[in-house]
Amino acid sequence: MSAVAGQMRQVLNAEGALVGDTPPHVDDKLLRRMYTVMLQARLFDERALALQRQGRIGFYVPANGQEAAQIGTAATYKSTDWIFPAYREIGVALWRGVPIATLTNQFIGNAKDIIKGRQMPNHYGYKKWGLMSPSSPIATQIPHAVGWAMAAKIKRDPHLAAVYFGDGATSEGDFHVSMNFAGVYKSPVVFNCQNNHYAISLPVEQQTASETIAVKGVAYGIPGVRVDGNDVLAVFSASTEAVARARRGEGPTLIELVTYRMGPHSTSDDPSRYRPDSEVAEWKRRDPLVRFEAYLRSLNLYDGELDSIREQYPLELAAQIKEAESVGPPDYHTLVEDVFEHTPWHLEEAYVEFLEEIKEFGGHAHKGIGG
Ligand SMILES: Cc1ncc(C[n+]2csc(CCOP(=O)(O)OP(=O)(O)O)c2C)c(N)n1
């Protein structure tokens, strides 16, 4: 795998036909699972966005369009490897097996949410599924991943860290120190940059003067590979090589996954203010799901079972959301729980004041804030 500037690895074209690189060896079962989770991620994403628009969750960060980049990479890791996500990796969470109920409890922040409603939607982390909690400050998860990878290396554990971040994150110091450190110490880490072309409203052309993001690896002695991030087979192939390299002890790889965020950055912005409709339409043509479906059809692997996901999964989502909405918020006392071994006086005082205010404002505050 060599550092590349303009070249982009591609296995499937926009019509789902084989082009360019040799397809990776993926058995039928895995191909079907990848499609299944890509489609589930799309449906979950659409539902979560709608929930926010209906005022049923506070915030959401959509991943529509980035399913191939996420599932094509996630499918190459072992469950003992750790993932250091940004906030947009719902596809990775679903691939790792996080149940819908666990995610919806977190999105709603109800009493069953293991982080007790303390984090914004999308900011979930689960030890059980090897998913570190994302940090909202851009790029801070990158040194965390390298540190974790170094610890694994020192302990001679055969595990690797996979970190996800966007094109905007490559302008942060955290990206550069992490790449440098990992290059020098051959840390077992894979850097996945989902170049979705925008950091909120800033286009990637204004983010960097480098010809590509992959080429940034050269300065750090790290192979950089540029992949069509909407082509799940090309992604899978590049990621498989990066994983093998890390496991052989040869160090990190930077993968630039060239993709596009079809929706808004988050539920707080209006993308029509900063990008033309024609650009969105052009990327719609390269939809990773449509392309993969066409490929599966050409292999006679697309059948009624896969097709039924479109009807069945939304029903499952609706049932789980209904259930999560019926749980109710966490108890008041969880506000001051398990932060300090002994709750300090000022927090205790604030908590008592808070309870008094609830008494004063009665049922309304009670309903809105507590259990
Ligand atoms: C250090 C820091 N600066 C600014 C922000 C505000 N912010 C939130 S998301 C975002 C854009 C990040 O873009 P990118 O890294 O390309 O990832 P994407 O959101 O496109 O997936 C910014 C600037 C932040 N969260 N942290």
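The values are calculated or read from the model by the stated rules, or taken from the named source; none is laboratory data. Since we're looking at a predicted model, the values are computed, not measured. Here Cβ is always computed from backbone atoms with ideal geometry, including for glycine, and neighbour counts include all displayed protein chains.
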Legend entry - Single residue of 166, 130 found to be within 16 Å of the ligand (Cβ to nearest atom), modelled with pLDDT of 95 or more and touching a strand residue (DSSP E or B) at 6+ places or on another chain (Cβ under 8 Å): 166
Inset, instruction - Check region 77-84 and report whether any residue there is among the β-branched types (Val, Ile, Thr), surrounded by fewer than 18 Cβ atoms within 10 Å (Cβ to Cβ), touching a residue at least 60 places away in the same chain (Cβ under 8 Å) and in the same structural domain as residue 166 (by TED's automatic domain parsing). - result: yes
Inset, instruction - Hey, could you check region 247-262 for residues that are in contact (Cβ under 8 Å) with a residue 12 or more places away in the chain and assigned to a loop (DSSP other than H, G, I, E, B) and say which is nearest to residue 68 (Cα to Cα)? - result: 259
Inset, instruction - Collect the residues in region 169-189 that are within 12 Å of the ligand (Cβ to nearest atom) and in contact with a Lys or Arg (Cβ under 9 Å, 6 or more places away or on another chain), keeping them in residue-number order. - result: 170, 175
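Looking at residue 271, is it under 22 Å from residue 229 (Cα atoms) and surrounded by 11 or more Cβ atoms within 10 Å (Cβ to Cβ)?
Values: under 22 Å from residue 229 (Cα atoms): yes; surrounded by 11 or more Cβ atoms within 10 Å (Cβ to Cβ): yes.
Considered against the rule, which asks whether it is under 22 Å from residue 229 (Cα atoms) and surrounded by 11 or more Cβ atoms within 10 Å (Cβ to Cβ), residue 271 comes out as yes.
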Legend entry - Identity of the residue in region 190-215, surrounded by 24 or more Cβ atoms within 10 Å (Cβ to Cβ) and of a type outside the set (Phe, Trp, Tyr), that ends up farthest from the ligand (Cβ to nearest atom): 190
Inset, instruction - Among what's in region 20-66 and is polar (S, T, N, Q) and either at pLDDT 95 or above or in the same structural domain as residue 91 (by TED's automatic domain parsing) (or both), pick the residue that is surrounded by the fewest Cβ atoms within 10 Å (Cβ to Cβ). - result: 54
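Taking region 134-147 as the region of interest, how many residues are farther than 21 Å from residue 200 by Cα and assigned to a loop (DSSP other than H, G, I, E, B)? Full working, then the answer.
Pass one, region 134-147, residues farther than 21 Å from residue 200 by Cα: 143-147.
Narrowing the set further to residues that are assigned to a loop (DSSP other than H, G, I, E, B) leaves none.
Going through region 134-147 one residue at a time, the tally reaches 0.
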Inset, instruction - For region 26-39, state whether one or more residues are within 12 Å of residue 232 (Cα to Cα) and of a type in the set (S, T, N, Q). - result: no
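Being over 23 Å from residue 271 (Cα atoms) and surrounded by fewer than 24 Cβ atoms within 10 Å (Cβ to Cβ) is the filter here, so list the residues in region 152-171 that pass it. It would help to see each step written out before you state the result.
The initial filter retains those residues of region 152-171 that are over 23 Å from residue 271 (Cα atoms), namely 152-163.
152, 153, 154, 155, 156, 157, 158, 159 - these are the residues of region 152-171 that are over 23 Å from residue 271 (Cα atoms) and surrounded by fewer than 24 Cβ atoms within 10 Å (Cβ to Cβ).
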Inset, instruction - Can you confirm whether region 308-329 contains a residue that is within 16 Å of the ligand (Cβ to nearest atom) and small (Gly, Ala, Ser)? - result: no
Inset, instruction - Mind checking which strands (runs of 3 or more DSSP E) fall wholly inside region 148-246 and carry at least 1 residues that are touching a residue at least 40 places away in the same chain (Cβ under 8 Å), of a type in the set (Asp, Glu) and over 23 Å from residue 134 (Cβ atoms)? - result: 224-228
Legend entry - Which numbered condition residue 73 misses (of (1) more than 16 Å from the ligand (Cβ to nearest atom); (2) surrounded by 20 or more Cβ atoms within 10 Å (Cβ to Cβ); (3) not basic (Lys, Arg)): (1)
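When you scan region 310-360, how many residues do you find that are of a type in the set (Val, Ile, Thr) and in contact with a Lys or Arg (Cβ under 6 Å, 6 or more places away or on another chain)?
First, the residues of region 310-360 that are of a type in the set (Val, Ile, Thr): 321, 327, 334, 336, 339, 343, 352, 358.
Now narrow it down to the ones that are in contact with a Lys or Arg (Cβ under 6 Å, 6 or more places away or on another chain): 327, 334.
Of the residues in that region, 2 qualify.
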Inset, instruction - Return only the number of the condition from (1) under 22 Å from residue 67 (Cβ atoms); (2) within 14 Å of the ligand (Cβ to nearest atom); (3) touching a residue at least 40 places away in the same chain (Cβ under 8 Å) that residue 123 does not satisfy. - result: (3)
Legend entry - residue 266 vs. criteria within 15 Å of the ligand (Cβ to nearest atom), assigned by TED's automatic domain parsing to the domain that holds residue 48, of a type in the set (Ser, Thr, Tyr) and under 28 Å from residue 107 (Cβ atoms): yes
Inset, instruction - Among the residues of region 200-226, count how many are within 30 Å of residue 270 (Cβ to Cβ) and in contact with a Leu (Cβ under 8 Å, 6 or more places away or on another chain). - result: 1
